Amino acid sequence: MSSLSKPRAKFVYYFCDETSVHDRFMAVGGLAVADYNLQTITDHLATINRVKKVTYEVKYQTTRKRRDCGHTAYAEYLAELINLKKVHFHVRFAPFKQYNHRDSGPNRRADTVGKMHYQLLLHRALRFYGGEYKLRIRPDDGDCTKKLQDQQEALLFEAIHKHGYDVKPDCIDSIEPRESLKEPLLQLLDVTLGAFTALRNERHLSPTYSPPKTALALLAHKINGSPNLLENSGAAVRHLSIWNVVPEYRKRTEARHAGLCP
């Protein structure tokens, strides 16, 4: 993550959120921000809110046709930050309807989403940054993320086991869920995460889908270089990472069909 560390960062803030849990593909997303960039980004978002007269929580799902749209400004600003490698943006898509949520825990769907967050942190946040920096993890507050604080030791143990020397045993400084209404970085993440997930679910192809949301989704995709949302990014790609998950039972089924396992 050298592109985030000029000047040298001590902490990396990792904001994460989920979207589209009732759709074919749901997503969890992460936004990595070096400590020295955090205040500048927060101040710029406050300026956008003032100029665009934003008095609401900026979320992809609240996109409406407005003369001065704060949502568009947020999407454009995030694309600028990604392009300059001042932040890293990670998206993990999962075919949500293929999971048996009863197996996830007593909260079923919420526990499944919690596991999606756990995997995002394990294979993106800790793998990418845990070897050099202290992580301040800031998930959106809710039923699906409330267990993450209690899973810190398990997360560290598994990260070291899977990623070895790339992860330090004390790399997590804190895990503190935040209310998205009060955390502008979570709102910044939400707009483009929601836009990409709308495209992944092909909502924009429906004649009844909201034209303002379609326009925002297509714009967010274009200004980020039109990444292929159906394919995984390379393992070394950090600034804009796309990850499409295949459920474990499907991997086993495909392996059996290929004669790779009994």
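Would you call residue 135 part of a helix (DSSP H, G or I) and buried (at least 18 other Cβ atoms within 10 Å of the Cβ)?
No, not satisfied.
Give the residue, chosen from 154, 235, that is surrounded by fewer than 17 Cβ atoms within 10 Å (Cβ to Cβ), free of Cβ contacts under 8 Å to residues at least 60 places away in the same chain and outside any loop (DSSP other than H, G, I, E, B).
Criteria check complete, one pass: 154.
Within the stretch 192-203, take every residue that is touching a Ser or Thr at 6+ places or on another chain (Cβ under 8 Å) and open to solvent by less than 20 Å² (accessible area, probe 1.4 Å) and give me the one that is nearest to residue 244 (Cα to Cα).
The qualifying residue nearest to residue 244 (Cα to Cα) is 197.
If we scan the stretch 173-181, do we find a residue that is open to solvent by less than 80 Å² (accessible area, probe 1.4 Å) and assigned to a loop (DSSP other than H, G, I, E, B)?
Within the stretch 173-181, one or more residues are open to solvent by less than 80 Å² (accessible area, probe 1.4 Å) and assigned to a loop (DSSP other than H, G, I, E, B).
Does residue 186 fit the bill of being open to solvent by less than 40 Å² (accessible area, probe 1.4 Å) and part of a loop (DSSP other than H, G, I, E, B)?
When the stated conditions are applied, residue 186 does not pass them.
Kindly establish whether residue 148 is within 18 Å of the chain's Cα centre (by Cα) and under 22 Å from residue 60 (Cβ atoms).
no
Being open to solvent by less than 40 Å² (accessible area, probe 1.4 Å) and among the charged types (D, E, K, R) is the filter here, so list the residues in the stretch 204-224 that pass it.
Result: 213, single match.
State yes or no: is residue 52 surrounded by fewer than 18 Cβ atoms within 10 Å (Cβ to Cβ) and more than 14 Å from residue 194 (Cβ to Cβ)?
Answer is no for this residue.
The values are calculated or read from the model by the stated rules, or taken from the named source; none is laboratory data. As the structure is a computational prediction, the values presented were derived from the model and not from experiment. FYI the Cβ positions are ideal-geometry reconstructions off the backbone, even for glycines, and counts take in every protein chain you see. To get the accessible areas, we keep the full protein, side chains included, count just its heavy atoms, and leave off ligands, DNA and RNA. Shrake-Rupley method; radii C 1.70, N 1.55, O 1.52, S 1.80 Å.
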